[in-house]
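These notes concern the structure reproduced below.
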Amino acid sequence: MKLSDIFVYLNNLVWSNPIIFLILGSAIFYTIILKGVQVRNLKHQVQLLFSSSDSEAGISPFATFCTVIGYRVGTANVAGVAVAIWSGGPGAVFWMLITSILDTAISYAECALGQVYKIKQDGEYRGGAYYYIQRGLGLKPIALIYALLTLICVPILTVAPHAFSITSGFKNSLGISQYITGAIVAVLLFIVISGGIRRIAKTAEMVVPFMTIGFVILTIIVIVMRIGEVPAALSMIVSSAFGTNAVFGGLMGTAVLWGVKRSVNSSGAGMGEAVPAASATECSHPGVQGLVNSFSVYIDVFVCICTALIIILTDCFNVQDTAGNIIHVSGGSTAIATQAAEPGIAWAQEALNSIFPGGIGAVVLAFFLFFFAFTTLLNYYYQGETAIAYMLYNKSQKTRKTAIWALRIVMPIVFFYFAIQTSSTSFSSGELGVGLMVWFNVIILLIMSPTIKKVFEDYTRQRKDGVEKPVFNPEKLGIKNADIWMEINKDAIEAENNK
(Lines give C-alpha, C1' and ligand atoms only; values in the text may rest on other atoms or scores of the structure.)
Protein backbone atom coordinates (compact mmCIF):
# COMPACT_ATOMS: atom_id res chain seq x y z
CA MET A 1 0.00 0.00 0.00
CA LYS A 2 1.35 3.42 -0.99
CA LEU A 3 1.93 6.18 1.57
CA SER A 4 -0.86 8.25 0.02
CA ASP A 5 -3.30 5.34 0.41
CA ILE A 6 -2.38 4.98 4.08
CA PHE A 7 -3.00 8.70 4.71
CA VAL A 8 -6.36 8.57 2.92
CA TYR A 9 -7.48 5.45 4.83
CA LEU A 10 -6.49 6.81 8.25
CA ASN A 11 -7.98 10.21 7.46
CA ASN A 12 -11.36 8.68 6.58
CA LEU A 13 -11.25 6.64 9.79
CA VAL A 14 -10.49 9.64 12.02
CA TRP A 15 -12.99 11.95 10.27
CA SER A 16 -16.03 9.68 10.58
CA ASN A 17 -19.37 10.79 12.10
CA PRO A 18 -18.31 10.56 15.78
CA ILE A 19 -15.81 13.41 15.47
CA ILE A 20 -18.51 15.62 13.88
CA PHE A 21 -20.80 15.01 16.86
CA LEU A 22 -17.90 15.66 19.25
CA ILE A 23 -17.02 19.00 17.65
CA LEU A 24 -20.55 20.33 17.26
CA GLY A 25 -21.66 19.05 20.66
CA SER A 26 -18.66 20.59 22.42
CA ALA A 27 -19.05 23.89 20.57
CA ILE A 28 -22.71 24.14 21.58
CA PHE A 29 -21.84 23.15 25.18
CA TYR A 30 -19.21 25.88 25.51
CA THR A 31 -21.43 28.43 23.80
CA ILE A 32 -24.02 27.75 26.52
CA ILE A 33 -21.79 27.69 29.62
CA LEU A 34 -19.82 30.74 28.42
CA LYS A 35 -23.10 32.55 27.69
CA GLY A 36 -22.51 33.17 24.01
CA VAL A 37 -19.07 34.69 24.62
CA GLN A 38 -18.35 34.78 20.89
CA VAL A 39 -21.17 37.22 20.09
CA ARG A 40 -21.54 39.21 23.33
CA ASN A 41 -18.09 40.76 23.51
CA LEU A 42 -17.10 41.77 19.97
CA LYS A 43 -16.42 45.45 20.76
CA HIS A 44 -14.43 44.56 23.86
CA GLN A 45 -12.48 41.92 21.95
CA VAL A 46 -11.31 44.53 19.44
CA GLN A 47 -10.34 46.92 22.26
CA LEU A 48 -8.22 44.21 23.91
CA LEU A 49 -6.09 43.81 20.76
CA PHE A 50 -4.32 47.07 21.52
CA SER A 51 -4.60 47.11 25.31
CA SER A 52 -1.13 45.89 26.29
CA SER A 53 2.45 45.82 25.07
CA ASP A 54 4.97 43.03 25.02
CA SER A 55 7.72 42.34 27.55
CA GLU A 56 10.96 40.40 27.82
CA ALA A 57 8.98 37.25 28.62
CA GLY A 58 5.90 37.65 26.42
CA ILE A 59 4.51 39.27 23.28
CA SER A 60 1.61 41.72 22.99
CA PRO A 61 -2.01 40.63 22.43
CA PHE A 62 -1.94 42.23 18.96
CA ALA A 63 1.25 40.37 18.02
CA THR A 64 -0.35 37.15 19.26
CA PHE A 65 -3.52 37.97 17.33
CA CYS A 66 -1.52 38.44 14.11
CA THR A 67 0.45 35.26 14.79
CA VAL A 68 -2.75 33.27 15.33
CA ILE A 69 -4.50 34.85 12.34
CA GLY A 70 -1.35 34.04 10.38
CA TYR A 71 -1.82 30.35 11.05
CA ARG A 72 -5.63 30.29 10.92
CA VAL A 73 -5.80 32.06 7.57
CA GLY A 74 -4.00 29.56 5.38
CA THR A 75 -4.40 27.01 2.63
CA ALA A 76 -7.66 25.71 4.07
CA ASN A 77 -9.24 29.13 3.51
CA VAL A 78 -8.66 28.87 -0.25
CA ALA A 79 -7.93 25.35 -1.47
CA GLY A 80 -9.84 23.83 1.45
CA VAL A 81 -13.01 25.71 0.55
CA ALA A 82 -12.79 24.34 -2.99
CA VAL A 83 -12.44 20.80 -1.63
CA ALA A 84 -15.52 21.33 0.59
CA ILE A 85 -17.63 22.54 -2.35
CA TRP A 86 -16.43 19.65 -4.52
CA SER A 87 -17.45 17.02 -1.96
CA GLY A 88 -20.36 18.68 -0.14
CA GLY A 89 -21.75 21.18 -2.63
CA PRO A 90 -22.26 24.91 -2.00
CA GLY A 91 -24.18 24.05 1.18
CA ALA A 92 -20.91 23.07 2.85
CA VAL A 93 -20.04 26.79 2.93
CA PHE A 94 -23.09 27.50 5.12
CA TRP A 95 -22.14 24.78 7.60
CA MET A 96 -18.56 26.05 7.64
CA LEU A 97 -19.92 29.41 8.77
CA ILE A 98 -22.19 27.97 11.47
CA THR A 99 -19.51 25.62 12.81
CA SER A 100 -16.89 28.35 12.91
CA ILE A 101 -19.15 30.69 14.90
CA LEU A 102 -19.86 27.92 17.40
CA ASP A 103 -16.20 26.86 17.47
CA THR A 104 -15.26 30.34 18.63
CA ALA A 105 -16.38 29.32 22.13
CA ILE A 106 -13.96 26.37 22.03
CA SER A 107 -11.18 28.72 20.95
CA TYR A 108 -11.90 30.90 23.99
CA ALA A 109 -11.79 27.84 26.24
CA GLU A 110 -8.48 26.42 25.05
CA CYS A 111 -6.64 29.75 24.80
CA ALA A 112 -7.80 30.97 28.23
CA LEU A 113 -6.86 27.62 29.75
CA GLY A 114 -3.43 27.77 28.10
CA GLN A 115 -2.86 31.14 29.79
CA VAL A 116 -3.95 29.80 33.20
CA TYR A 117 -1.32 27.06 33.28
CA LYS A 118 1.52 28.71 31.37
CA ILE A 119 5.03 28.78 32.82
CA LYS A 120 8.19 30.81 32.30
CA GLN A 121 11.04 28.81 30.81
CA ASP A 122 14.36 30.08 29.49
CA GLY A 123 13.08 33.64 29.91
CA GLU A 124 9.91 33.16 27.85
CA TYR A 125 6.31 32.25 28.59
CA ARG A 126 5.44 28.74 27.47
CA GLY A 127 2.05 27.07 27.34
CA GLY A 128 0.06 24.45 25.49
CA ALA A 129 -2.52 21.73 25.96
CA TYR A 130 0.11 19.45 27.50
CA TYR A 131 0.72 22.05 30.23
CA TYR A 132 -2.92 22.23 31.23
CA ILE A 133 -3.24 18.44 31.04
CA GLN A 134 -0.36 18.02 33.49
CA ARG A 135 -0.85 21.05 35.74
CA GLY A 136 -4.63 21.10 35.65
CA LEU A 137 -5.42 17.38 35.69
CA GLY A 138 -2.20 15.94 37.08
CA LEU A 139 -1.92 13.51 34.16
CA LYS A 140 1.71 13.87 33.09
CA PRO A 141 1.87 10.64 31.02
CA ILE A 142 -1.16 11.80 29.00
CA ALA A 143 0.40 15.25 28.64
CA LEU A 144 3.61 13.72 27.28
CA ILE A 145 1.62 11.69 24.75
CA TYR A 146 -0.19 14.82 23.61
CA ALA A 147 3.08 16.76 23.34
CA LEU A 148 4.56 13.98 21.18
CA LEU A 149 1.36 13.95 19.11
CA THR A 150 1.69 17.70 18.65
CA LEU A 151 5.29 17.35 17.48
CA ILE A 152 4.29 14.72 14.91
CA CYS A 153 0.99 16.15 13.73
CA VAL A 154 1.58 19.90 13.59
CA PRO A 155 5.06 20.76 12.25
CA ILE A 156 5.15 17.51 10.25
CA LEU A 157 1.77 16.22 8.99
CA THR A 158 -0.23 19.46 8.83
CA VAL A 159 2.55 21.12 6.83
CA ALA A 160 1.57 19.01 3.81
CA PRO A 161 -1.44 20.86 2.29
CA HIS A 162 0.24 24.25 2.73
CA ALA A 163 3.43 23.09 1.05
CA PHE A 164 1.57 21.60 -1.90
CA SER A 165 -0.72 24.62 -2.34
CA ILE A 166 2.12 27.12 -2.40
CA THR A 167 4.08 25.24 -5.05
CA SER A 168 1.05 24.27 -7.16
CA GLY A 169 -0.16 27.89 -7.08
CA PHE A 170 3.03 29.16 -8.67
CA LYS A 171 3.13 26.22 -11.07
CA ASN A 172 -0.44 26.94 -12.27
CA SER A 173 0.12 30.68 -12.70
CA LEU A 174 3.77 31.11 -13.69
CA GLY A 175 4.81 27.62 -14.70
CA ILE A 176 7.52 27.48 -12.02
CA SER A 177 8.62 23.98 -11.07
CA GLN A 178 7.33 22.79 -7.70
CA TYR A 179 10.88 21.70 -6.91
CA ILE A 180 12.20 25.26 -7.34
CA THR A 181 9.40 26.93 -5.36
CA GLY A 182 9.62 24.28 -2.67
CA ALA A 183 13.36 24.82 -2.23
CA ILE A 184 13.08 28.63 -2.07
CA VAL A 185 10.23 28.63 0.45
CA ALA A 186 11.98 25.98 2.56
CA VAL A 187 15.00 28.29 2.89
CA LEU A 188 12.79 31.28 3.78
CA LEU A 189 11.02 29.15 6.37
CA PHE A 190 14.31 28.22 8.00
CA ILE A 191 15.44 31.87 8.13
CA VAL A 192 12.30 33.03 9.95
CA ILE A 193 11.80 30.13 12.38
CA SER A 194 15.46 30.28 13.42
CA GLY A 195 14.60 33.56 15.17
CA GLY A 196 12.03 31.97 17.50
CA ILE A 197 8.69 33.43 18.61
CA ARG A 198 9.77 37.08 18.42
CA ARG A 199 10.82 36.89 14.77
CA ILE A 200 7.71 34.84 13.99
CA ALA A 201 5.48 37.42 15.70
CA LYS A 202 7.15 40.37 13.97
CA THR A 203 6.81 38.67 10.59
CA ALA A 204 3.13 37.98 11.25
CA GLU A 205 2.52 41.59 12.34
CA MET A 206 3.93 42.82 9.02
CA VAL A 207 2.28 40.28 6.73
CA VAL A 208 -1.14 39.44 8.20
CA PRO A 209 -2.91 42.84 7.86
CA PHE A 210 -1.66 43.20 4.27
CA MET A 211 -2.66 39.72 3.14
CA THR A 212 -6.10 39.78 4.78
CA ILE A 213 -7.12 43.23 3.55
CA GLY A 214 -5.76 42.50 0.08
CA PHE A 215 -7.80 39.31 -0.24
CA VAL A 216 -10.94 41.12 0.90
CA ILE A 217 -10.36 43.76 -1.80
CA LEU A 218 -10.08 40.98 -4.41
CA THR A 219 -13.41 39.57 -3.21
CA ILE A 220 -15.11 42.96 -3.36
CA ILE A 221 -13.97 43.37 -6.97
CA VAL A 222 -15.41 39.96 -7.88
CA ILE A 223 -18.71 40.75 -6.13
CA VAL A 224 -19.00 44.09 -7.94
CA MET A 225 -18.24 42.46 -11.30
CA ARG A 226 -20.80 39.70 -10.63
CA ILE A 227 -23.31 41.69 -8.58
CA GLY A 228 -26.24 40.31 -10.55
CA GLU A 229 -25.40 36.74 -9.53
CA VAL A 230 -25.06 37.44 -5.79
CA PRO A 231 -28.71 36.71 -4.78
CA ALA A 232 -28.72 33.43 -6.71
CA ALA A 233 -25.36 32.39 -5.22
CA LEU A 234 -26.49 33.06 -1.66
CA SER A 235 -29.76 31.24 -2.31
CA MET A 236 -27.83 28.27 -3.69
CA ILE A 237 -25.63 28.10 -0.57
CA VAL A 238 -28.59 28.18 1.85
CA SER A 239 -30.87 25.84 -0.10
CA SER A 240 -28.04 23.34 -0.58
CA ALA A 241 -27.30 23.42 3.15
CA PHE A 242 -30.83 22.30 4.00
CA GLY A 243 -31.35 19.83 1.18
CA THR A 244 -33.96 21.84 -0.75
CA ASN A 245 -31.83 22.63 -3.81
CA ALA A 246 -32.91 20.65 -6.89
CA VAL A 247 -29.34 19.78 -7.88
CA PHE A 248 -27.57 19.50 -4.53
CA GLY A 249 -30.50 18.39 -2.35
CA GLY A 250 -29.12 14.89 -1.84
CA LEU A 251 -25.87 16.22 -0.38
CA MET A 252 -27.22 17.72 2.84
CA GLY A 253 -25.53 15.16 5.11
CA THR A 254 -22.29 15.43 3.16
CA ALA A 255 -22.54 19.23 3.24
CA VAL A 256 -22.69 19.16 7.05
CA LEU A 257 -19.76 16.72 7.24
CA TRP A 258 -17.53 18.77 4.94
CA GLY A 259 -18.63 22.06 6.44
CA VAL A 260 -17.58 20.93 9.91
CA LYS A 261 -14.43 19.26 8.62
CA ARG A 262 -13.20 22.27 6.66
CA SER A 263 -14.15 24.66 9.45
CA VAL A 264 -11.96 22.87 11.96
CA ASN A 265 -9.15 22.40 9.43
CA SER A 266 -9.36 26.10 8.63
CA SER A 267 -9.65 27.68 12.08
CA GLY A 268 -7.92 24.98 14.11
CA ALA A 269 -10.33 25.68 16.98
CA GLY A 270 -10.42 22.62 19.20
CA MET A 271 -7.12 21.08 18.19
CA GLY A 272 -5.01 23.29 20.46
CA GLU A 273 -3.07 24.91 17.62
CA ALA A 274 -3.49 28.46 18.91
CA VAL A 275 -2.66 27.67 22.54
CA PRO A 276 1.18 27.94 22.46
CA ALA A 277 1.11 31.40 20.83
CA ALA A 278 -1.79 32.50 23.04
CA SER A 279 0.12 31.39 26.13
CA ALA A 280 3.14 33.48 25.12
CA THR A 281 1.14 36.69 25.54
CA GLU A 282 1.75 39.30 28.24
CA CYS A 283 -1.63 40.06 29.88
CA SER A 284 -3.22 40.48 33.34
CA HIS A 285 -5.95 37.84 33.03
CA PRO A 286 -6.39 34.64 30.95
CA GLY A 287 -9.79 35.95 29.88
CA VAL A 288 -8.05 38.63 27.84
CA GLN A 289 -6.34 36.16 25.54
CA GLY A 290 -9.40 33.94 25.43
CA LEU A 291 -11.40 36.84 23.98
CA VAL A 292 -8.65 38.04 21.64
CA ASN A 293 -8.04 34.62 20.15
CA SER A 294 -11.71 33.74 19.85
CA PHE A 295 -12.16 36.91 17.78
CA SER A 296 -9.51 35.68 15.35
CA VAL A 297 -11.84 32.86 14.26
CA TYR A 298 -14.14 35.47 12.71
CA ILE A 299 -11.33 36.71 10.49
CA ASP A 300 -10.67 33.14 9.43
CA VAL A 301 -14.28 32.36 8.52
CA PHE A 302 -14.62 35.70 6.72
CA VAL A 303 -11.74 34.78 4.40
CA CYS A 304 -13.39 31.38 3.79
CA ILE A 305 -16.63 33.12 2.76
CA CYS A 306 -14.62 35.39 0.45
CA THR A 307 -13.13 32.36 -1.30
CA ALA A 308 -16.53 30.66 -1.59
CA LEU A 309 -18.07 33.77 -3.18
CA ILE A 310 -15.19 34.10 -5.63
CA ILE A 311 -15.61 30.47 -6.76
CA ILE A 312 -19.42 30.32 -6.80
CA LEU A 313 -20.08 33.74 -8.37
CA THR A 314 -17.82 32.89 -11.29
CA ASP A 315 -19.16 29.29 -11.50
CA CYS A 316 -15.63 27.93 -11.33
CA PHE A 317 -16.43 24.72 -9.48
CA ASN A 318 -17.54 21.14 -9.98
CA VAL A 319 -19.50 18.99 -7.52
CA GLN A 320 -19.57 15.23 -7.15
CA ASP A 321 -22.16 13.17 -5.27
CA THR A 322 -21.43 10.46 -2.72
CA ALA A 323 -21.23 7.86 -5.50
CA GLY A 324 -18.52 9.85 -7.30
CA ASN A 325 -20.77 11.11 -10.11
CA ILE A 326 -20.32 14.70 -11.28
CA ILE A 327 -23.64 16.51 -10.66
CA HIS A 328 -22.46 20.03 -11.47
CA VAL A 329 -19.91 20.99 -14.12
CA SER A 330 -18.25 24.40 -14.16
CA GLY A 331 -19.77 26.86 -16.59
CA GLY A 332 -17.21 29.55 -15.90
CA SER A 333 -14.02 27.69 -16.79
CA THR A 334 -13.35 25.23 -19.57
CA ALA A 335 -10.22 24.07 -17.74
CA ILE A 336 -12.18 23.14 -14.61
CA ALA A 337 -15.05 21.63 -16.59
CA THR A 338 -12.73 19.25 -18.43
CA GLN A 339 -9.96 18.60 -15.92
CA ALA A 340 -9.66 15.33 -14.07
CA ALA A 341 -7.46 16.86 -11.37
CA GLU A 342 -8.73 17.23 -7.83
CA PRO A 343 -10.05 20.61 -6.65
CA GLY A 344 -7.88 23.13 -4.90
CA ILE A 345 -6.09 26.40 -5.50
CA ALA A 346 -6.61 26.07 -9.28
CA TRP A 347 -10.37 26.73 -8.90
CA ALA A 348 -9.83 30.07 -7.17
CA GLN A 349 -7.13 30.98 -9.69
CA GLU A 350 -9.45 30.22 -12.60
CA ALA A 351 -12.19 32.26 -10.91
CA LEU A 352 -9.94 35.33 -10.67
CA ASN A 353 -8.69 34.82 -14.20
CA SER A 354 -12.29 35.18 -15.37
CA ILE A 355 -12.35 38.65 -13.77
CA PHE A 356 -8.81 39.91 -14.38
CA PRO A 357 -7.30 39.73 -17.90
CA GLY A 358 -4.10 38.06 -18.97
CA GLY A 359 -3.88 35.53 -16.13
CA ILE A 360 -3.15 38.27 -13.61
CA GLY A 361 -5.70 36.84 -11.17
CA ALA A 362 -3.90 33.51 -10.88
CA VAL A 363 -0.56 35.19 -10.26
CA VAL A 364 -1.95 37.54 -7.61
CA LEU A 365 -3.66 34.66 -5.81
CA ALA A 366 -0.46 32.59 -5.90
CA PHE A 367 1.32 35.32 -3.96
CA PHE A 368 -1.57 35.74 -1.51
CA LEU A 369 -1.63 31.99 -0.93
CA PHE A 370 2.11 32.06 -0.31
CA PHE A 371 1.61 34.58 2.50
CA PHE A 372 -1.42 32.71 3.86
CA ALA A 373 0.38 29.39 3.98
CA PHE A 374 3.77 30.75 5.05
CA THR A 375 2.43 32.49 8.18
CA THR A 376 0.55 29.29 9.01
CA LEU A 377 3.78 27.32 8.80
CA LEU A 378 5.48 29.72 11.20
CA ASN A 379 2.91 28.99 13.87
CA TYR A 380 3.12 25.27 13.18
CA TYR A 381 6.83 25.45 13.86
CA TYR A 382 6.30 27.30 17.14
CA GLN A 383 3.88 24.62 18.32
CA GLY A 384 6.55 22.01 17.67
CA GLU A 385 9.14 24.10 19.51
CA THR A 386 6.86 24.47 22.53
CA ALA A 387 6.15 20.73 22.56
CA ILE A 388 9.90 20.04 22.60
CA ALA A 389 10.42 22.54 25.42
CA TYR A 390 7.73 20.75 27.42
CA MET A 391 9.01 17.21 26.83
CA LEU A 392 12.57 18.24 27.71
CA TYR A 393 11.60 20.44 30.65
CA ASN A 394 13.87 18.59 33.08
CA LYS A 395 16.81 18.55 30.69
CA SER A 396 19.44 21.25 30.39
CA GLN A 397 18.80 24.42 28.38
CA LYS A 398 21.53 23.30 25.98
CA THR A 399 19.71 20.02 25.32
CA ARG A 400 16.44 21.85 24.66
CA LYS A 401 18.12 24.27 22.28
CA THR A 402 19.77 21.41 20.40
CA ALA A 403 16.41 19.64 19.95
CA ILE A 404 14.75 22.89 18.87
CA TRP A 405 17.46 23.54 16.28
CA ALA A 406 16.96 20.00 15.00
CA LEU A 407 13.29 20.84 14.40
CA ARG A 408 14.31 24.07 12.63
CA ILE A 409 16.32 21.96 10.19
CA VAL A 410 13.87 19.05 9.81
CA MET A 411 10.70 21.10 9.21
CA PRO A 412 11.93 22.83 6.02
CA ILE A 413 13.00 19.42 4.71
CA VAL A 414 9.53 18.02 5.44
CA PHE A 415 8.03 21.07 3.74
CA PHE A 416 10.03 20.37 0.59
CA TYR A 417 8.98 16.71 0.60
CA PHE A 418 5.27 17.53 0.68
CA ALA A 419 5.71 20.44 -1.75
CA ILE A 420 6.30 17.94 -4.55
CA GLN A 421 3.65 15.35 -3.58
CA THR A 422 0.10 14.93 -4.95
CA SER A 423 -2.95 16.86 -3.79
CA SER A 424 -4.64 13.81 -2.23
CA THR A 425 -1.54 12.86 -0.24
CA SER A 426 -1.04 16.39 1.03
CA PHE A 427 -4.62 17.12 2.09
CA SER A 428 -5.20 13.69 3.62
CA SER A 429 -1.99 14.04 5.64
CA GLY A 430 -2.97 17.48 6.94
CA GLU A 431 -6.52 16.48 7.80
CA LEU A 432 -5.28 13.37 9.61
CA GLY A 433 -3.02 15.50 11.81
CA VAL A 434 -5.86 17.89 12.65
CA GLY A 435 -8.30 15.09 13.40
CA LEU A 436 -5.99 13.29 15.83
CA MET A 437 -5.36 16.54 17.71
CA VAL A 438 -9.08 17.37 17.89
CA TRP A 439 -10.04 14.00 19.35
CA PHE A 440 -7.49 14.38 22.10
CA ASN A 441 -7.83 18.07 22.96
CA VAL A 442 -11.62 18.52 22.84
CA ILE A 443 -12.20 15.66 25.28
CA ILE A 444 -9.66 17.21 27.67
CA LEU A 445 -11.40 20.60 27.36
CA LEU A 446 -14.72 19.03 28.29
CA ILE A 447 -13.17 17.46 31.39
CA MET A 448 -11.66 20.82 32.39
CA SER A 449 -14.81 22.86 31.71
CA PRO A 450 -15.32 23.80 35.41
CA THR A 451 -11.96 25.64 35.45
CA ILE A 452 -12.70 27.37 32.16
CA LYS A 453 -16.07 28.51 33.48
CA LYS A 454 -14.44 29.88 36.65
CA VAL A 455 -11.97 31.93 34.63
CA PHE A 456 -14.70 33.30 32.38
CA GLU A 457 -17.00 34.24 35.27
CA ASP A 458 -14.15 35.86 37.20
CA TYR A 459 -13.23 38.09 34.26
CA THR A 460 -16.87 38.92 33.55
CA ARG A 461 -17.56 39.74 37.21
CA GLN A 462 -14.61 42.13 37.44
CA ARG A 463 -15.67 43.87 34.24
CA LYS A 464 -19.21 44.18 35.55
CA ASP A 465 -17.86 45.68 38.79
CA GLY A 466 -16.16 48.40 36.76
CA VAL A 467 -12.59 47.02 36.82
CA GLU A 468 -11.00 48.31 33.62
CA LYS A 469 -8.14 45.80 33.71
CA PRO A 470 -9.23 42.58 35.47
CA VAL A 471 -6.52 40.77 37.44
CA PHE A 472 -6.24 37.00 37.70
CA ASN A 473 -5.72 35.57 41.19
CA PRO A 474 -5.79 31.75 40.91
CA GLU A 475 -5.66 31.23 44.68
CA LYS A 476 -8.84 33.24 45.11
CA LEU A 477 -10.59 30.97 42.62
CA GLY A 478 -9.18 27.77 44.10
CA ILE A 479 -7.14 27.00 40.97
CA LYS A 480 -3.90 25.18 41.77
CA ASN A 481 -0.59 24.98 39.88
CA ALA A 482 -1.00 28.43 38.32
CA ASP A 483 1.67 30.01 40.52
CA ILE A 484 3.17 32.24 37.83
CA TRP A 485 0.12 34.48 38.06
CA MET A 486 0.94 35.30 41.67
CA GLU A 487 4.20 36.74 40.31
CA ILE A 488 2.70 38.44 37.23
CA ASN A 489 -0.02 40.20 39.24
CA LYS A 490 1.92 40.46 42.50
CA ASP A 491 1.39 44.19 43.07
CA ALA A 492 -2.30 44.14 42.19
CA ILE A 493 -2.98 41.08 44.35
CA GLU A 494 -1.13 42.57 47.32
CA ALA A 495 -3.03 45.84 46.93
CA GLU A 496 -6.33 43.93 46.91
CA ASN A 497 -5.38 41.90 49.98
CA ASN A 498 -4.42 45.07 51.88
CA LYS A 499 -7.78 46.74 51.34
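The values are calculated or read from the model by the stated rules, or taken from the named source; none is laboratory data. As the structure is a computational prediction, the values presented were derived from the model and not from experiment. Here the Cβ positions follow ideal geometry from the backbone for every residue, glycine too, while neighbour counts run over all protein chains shown. Just so you know, the surface numbers come from the protein's heavy atoms only, side chains and all, with ligands and any DNA or RNA stripped out. Shrake-Rupley method; radii C 1.70, N 1.55, O 1.52, S 1.80 Å.
Here the accessible area of the chain is 65 percent carbon and sulfur, with a 1.4 angstrom probe and all protein chains present. Applying 0.36 nm per residue to the separation of Thr322 and Ala246 and subtracting their alpha-carbon distance, the gain on full extension is 25.8 nm. Just tell me the longest site-free run in the chain, where the sites are GluC sites (Glu not before Pro) in a DSSP loop having at most 16 other beta-carbon atoms within 10 Å. My reading of the result: 57-467 is the longest stretch. For the stretch 90-154, the Kirkwood hydrodynamic radius from C-alpha pairs, put into Stokes-Einstein at 25 °C and a viscosity of 0.890 mPa s, yields a diffusion coefficient of 181 µm² per second.
With each label modelled as a point 7 angstrom along the Cα→C-beta vector, the Arg461-Ile176 pair spans 5.6 nm.
Note on the stretch 340-499: Lys pairs 8 or more places apart or on different chains, Cα atoms under 23 Å apart, count 19. For the stretch 226-329, applying the loop criterion from DSSP together with a ceiling of 14 other beta carbons within 10 Å to the trypsin sites (Lys or Arg not before Pro) yields no site.
Can you give the FRET efficiency to the nearest 0.05 for Asn481 and Thr338, using r as the Cβ-Cβ distance and R₀ = 41 Å? The partial results should precede the final answer.
Details: r = 60 Å, r/R0 = 1.47.
Approximately 0.10, to the nearest 0.05.
Quick one: length gained pulling Ser449 to Ile221 fully straight, 0.36 nm per residue minus the C-alpha distance? Can you show the working numbers first?
Working: separation 228, 0.36 × 228 = 82.08 nm, distance 4.38 nm.
Gain on stretching Ser449 to Ile221: 77.7 nm.
Distances between placed amide hydrogens fall under 5 Å for Gln121 paired with Arg126, all partners being 5 or more residues away or on another chain. Taking N as the residue count of the stretch 1-44, its C-alpha radius of gyration divided by 2.2 N^0.38 Å amounts to 1.86.
At full extension, Arg198 and Ile28 could sit 57.7 nm farther apart than now, given 0.36 nm per residue minus the alpha carbon distance.
Close amide H partners of Ile327, meaning residues 5 or more places away or on another chain with modelled amide H under 5 Å apart, are Val319, Gln320, Asp321.
For the chain, compute Rg over Rh where Rg is the Cα radius of gyration and Rh is the Kirkwood radius from the inverse mean 1/r over Cα pairs.
The Rg/Rh ratio comes out at 0.97.
Centre-to-centre, using Cα atoms only, the stretch 277-324 and the stretch 433-499 are separated by 26 Å.
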